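The values are calculated or read from the model by the stated rules, or taken from the named source; none is laboratory data. Note that the coordinates shown come from a computational prediction; the quantities given were computed from them, not determined experimentally. Neighbour counts run over all protein chains shown; Cβ positions are idealised from the backbone, glycine included. Only protein heavy atoms, including side chains, enter the accessible area calculation; ligands, DNA and RNA are left aside. Shrake-Rupley method; radii C 1.70, N 1.55, O 1.52, S 1.80 Å.
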Amino acid sequence: MADWSIKIVPASSGGGAAFQPNLQGYNQGDPLPAQEDDLVSWNNTTDDEHQPWPTDSNYNPLSEAVVLPRGGPNYLSDPIPAGESSRPAYNITQPTPPPPATPPDSWIVYYYCKLHPDIETERGTIEAVALVTS
């Protein structure tokens, strides 16, 4: 299990903010590579409040009924004040499809800023892979 950070930074173009994995060589908008059971937090380096919120692959928000409760497998973060880090940490959880389907070996978590849903730079992804058990 690893701990990852995604920086929320001023967007390099067009105003607003952008999500950038806090990894050497990664840029705004790059996906965060992660593994099941890794923990992810967001570090807000902007002057505005932001809230990562899960979406579908077209960046349509998932409903509160799917995302809540706080700390559940689809809950990413509370609103993040300017200059602060997210709470709680997001635990990468493998999706559980209905039977008879089997859980995927890899999946993408799509998200956007719930407080600024129309700003396209405020969208991000986490590319996750399942734990390998032997």
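Couple of notes before you dig in:
- Some residue of region 53-65 being within 16 Å of ASP3 (Cβ to Cβ), in contact with a Ser or Thr (Cβ under 6 Å, 6 or more places away or on another chain), outside any loop (DSSP other than H, G, I, E, B) and in contact (Cβ under 8 Å) with a residue 24 or more places away in the chain: no
- ALA130 being surrounded by 14 or more Cβ atoms within 10 Å (Cβ to Cβ), farther than 21 Å from VAL9 by Cα and over 14 Å from the mean Cα position of the chain (by Cα): yes
- When ASN44, ASN22 are screened for being of a type outside the set (Lys, Arg), over 11 Å from GLY124 (Cβ atoms) and buried (at least 17 other Cβ atoms within 10 Å of the Cβ), only ASN44 passes.
- Filter pass, ALA82 being open to solvent by less than 70 Å² (accessible area, probe 1.4 Å), outside any strand (DSSP E or B) and modelled with pLDDT of 95 or more: yes
- All positions within region 1-51 that are under 12 Å from the mean Cα position of the chain (by Cα) and of a type in the set (Val, Ile, Thr): ILE6, ILE8, VAL40
- Candidate set: region 88-108, residues that are touching a residue at least 24 places away in the same chain (Cβ under 8 Å) and in contact with a strand residue (DSSP E or B) (Cβ under 8 Å, 6 or more places away or on another chain); chosen: the one farthest from PRO10 (Cα to Cα): ASP105
- Subset of region 61-79 [exposed (fewer than 15 other Cβ atoms within 10 Å of the Cβ) and of a type in the set (Val, Ile, Thr)]: VAL66
- Residue under evaluation GLN94, criteria (1) open to solvent by 40 Å² or more (accessible area, probe 1.4 Å); (2) closer than 18 Å to GLU120 by Cα; (3) polar (S, T, N, Q), criterion not met: (2)
- In region 3-15, the condition of being in contact with a Leu (Cβ under 7 Å, 6 or more places away or on another chain) and open to solvent by 40 Å² or more (accessible area, probe 1.4 Å) is met by at least one residue.
- Beta carbons closer than 6 Å, at least 6 apart along the sequence or on distinct chains, pair a first residue in region 23-35 that is farther than 17 Å from TRP107 by Cα with a second that is open to solvent by less than 70 Å² (accessible area, probe 1.4 Å) for GLN28/ALA18; GLN28/GLN20.
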